[in-house]
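Okay, structure first, notes after.
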Amino acid sequence: MNFYSVVVPVYNRPDEVRELLNSLTEQTFKNFEVLIIEDGSTNRCEEVVNSLKDSLNVQYFFKENSGQGFTRNFGFERAKGDYFVVFDSDCLIPYSYFETVDKFLHRNKVDAFGGPDAAHESFTTLQKAISYSMTSPFTTGGIRGNKNHVGIFHPRSFNMGISKEVFETTKGYNLTRMGEDIEFSIRIINSGFTTALIEDAFVYHKRRTSLSQFYKQLHFFGRARINVNRYFPGELKPIHILPALFTVGLFGWLSTIAWSEDLFWVGAGLLSIFFLLILIHATLQTKSLKVGLASLLTSFTQLFAYGMGLISEKFRPRGNQPFAQK
């Protein structure tokens, strides 16, 4: 039986931490500890953590703000587990998560793993639509999180586990933001470690709770992909460029209003078919027409925001940052 250390970076989100910790108290597998690392918050969650110490092996740490990547490293340095598991603070963990992971790791000795995300029944319509968009085959969100993912699996930090040996070899995150988890995953694989997707080890990931927040997050993700490509040329794959092509194509289509009515209506027809397919698929997937309709907005937002992030960071770079000193 493995022992796991859960590391959660937190910045001004005590309510989310309470929900996350409550979900961890319900785990069927109990052989884990939890390290909550407060990253310079002004709205701290220490009282929340203390209120659950009787029902959970949990520790609280406060440090100066340095971003999520280096905050996770802070937790890794203090963790005692055979594996270190990283969750985002806005996740809810199904009761069988650790039981599922431990069974998998006893059958498959891998060095790092990850799982998909899903929408909890308590989520709002918008949160469910965002979850759909982040996992849909009609958007770039569908390229990972299932058995048909493209290439070697690269874990992401909202739901990720690494062995103690991985941390001792890599020294953790080299970047604290702007694609820090992508850079870390690439380095894990380049160091010769094995990775695996555990399909049944999913988490309920709330993500952003408004379209404007979702836009900002996906715009940041687009910029982050360009930032990672600076350190690892060739990591910008054709699949990542699709949102940029969608964005450029959208502006090109709108420009036809001024010079070709026929092309405008051809483009409108193609766009209508694309979004009709999203509506049908999202409605069937979520069993809700309401979520399906909302998914039209979230899917458009995801593609456009990610595309704009890629384009803006490529032509007006702002995210380049040095590696951590180790």
**Prompt:** Of the residues that make up the range 235-251, is at least one exposed (fewer than 13 other Cβ atoms within 10 Å of the Cβ) and not in a helix (DSSP H, G or I)?
**Reply:** no
**Prompt:** Across the range 19-66, which residue is surrounded by the fewest Cβ atoms within 10 Å (Cβ to Cβ) among those that are out of contact with any strand residue (DSSP E or B) (no Cβ under 8 Å at 6 or more places or on another chain) and among the hydrophobic types (A, V, I, L, M, F, W, C)?
**Reply:** PHE29
**Prompt:** Of these, ILE226, ILE273, ILE280, ILE257, which one is touching a helix residue (DSSP H, G or I) at 6+ places or on another chain (Cβ under 6 Å) and surrounded by fewer than 15 Cβ atoms within 10 Å (Cβ to Cβ)?
**Reply:** ILE257
**Prompt:** Does PHE264 meet the test of being without any contact (Cβ under 8 Å) to a residue 60 or more places away in the chain, over 30 Å from HIS120 (Cβ atoms) and in contact with a Ser or Thr (Cβ under 8 Å, 6 or more places away or on another chain)?
**Reply:** yes
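The rows are residues; the columns are (1) in contact with a Phe, Trp or Tyr (Cβ under 7 Å, 6 or more places away or on another chain); (2) hydrophobic (A, V, I, L, M, F, W, C).
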| site | (1), (2) |
| --- | --- |
| GLY249 | no, no |
| GLY252 | no, no |
| ILE257 | yes, yes |
| SER272 | no, no |
| PHE275 | no, yes |
| ALA282 | yes, yes |
| SER295 | yes, no |
| PRO317 | no, no |
**Request:** For the range 286-315, name all the residues that are over 22 Å from LYS216 (Cβ atoms) and surrounded by fewer than 17 Cβ atoms within 10 Å (Cβ to Cβ).
**Result:** LYS287, LEU289, LYS290, LEU293
**Prompt:** Are any residues in the range 1-13 at pLDDT 95 or above and more than 19 Å from GLY67 (Cβ to Cβ), and if so, which ones?
**Reply:** ASN2, PHE3, TYR4, SER5, VAL6
**Every pair of residues 6+ apart whose Cβ atoms lie under 8 Å, when the first sits in the range 86-100 and is in the same structural domain as VAL49 (by TED's automatic domain parsing) while the second is acidic (Asp, Glu) and in a helix (DSSP H, G or I)** = SER89/GLU16; ASP90/GLU16; LEU92/GLU19
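To keep it simple, each residue is scored yes or no on (1) more than 20 Å from the chain's Cα centre (by Cα); (2) not aromatic (Phe, Trp, Tyr).
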residue	(1), (2)
VAL6	no, yes
TYR11	no, no
GLU16	no, yes
LEU21	no, yes
GLU26	yes, yes
LYS30	yes, yes
GLU33	yes, yes
SER41	yes, yes
**Residues located in the range 200-214, provided they are buried (at least 20 other Cβ atoms within 10 Å of the Cβ) and either without any contact (Cβ under 8 Å) to a residue 40 or more places away in the chain or touching a Ser or Thr at 6+ places or on another chain (Cβ under 6 Å) (or both)** = ALA201, PHE214
**Asked** So, of the residues in the range 116-136 that are within 17 Å of GLN217 (Cα to Cα) and among the charged types (D, E, K, R), which turns out to be surrounded by the fewest Cβ atoms within 10 Å (Cβ to Cβ)?
**Response** ASP117
**Prompt:** Based on what the data block shows, is SER89 polar (S, T, N, Q), assigned to a loop (DSSP other than H, G, I, E, B) and surrounded by fewer than 22 Cβ atoms within 10 Å (Cβ to Cβ)?
**Reply:** no
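The values are calculated or read from the model by the stated rules, or taken from the named source; none is laboratory data. Quick caveat: nothing in here was measured; it's all calculated off a predicted structure. Quick reminder, even Gly has a Cβ in these numbers, built from the backbone with ideal geometry, and neighbours come from all protein chains shown.
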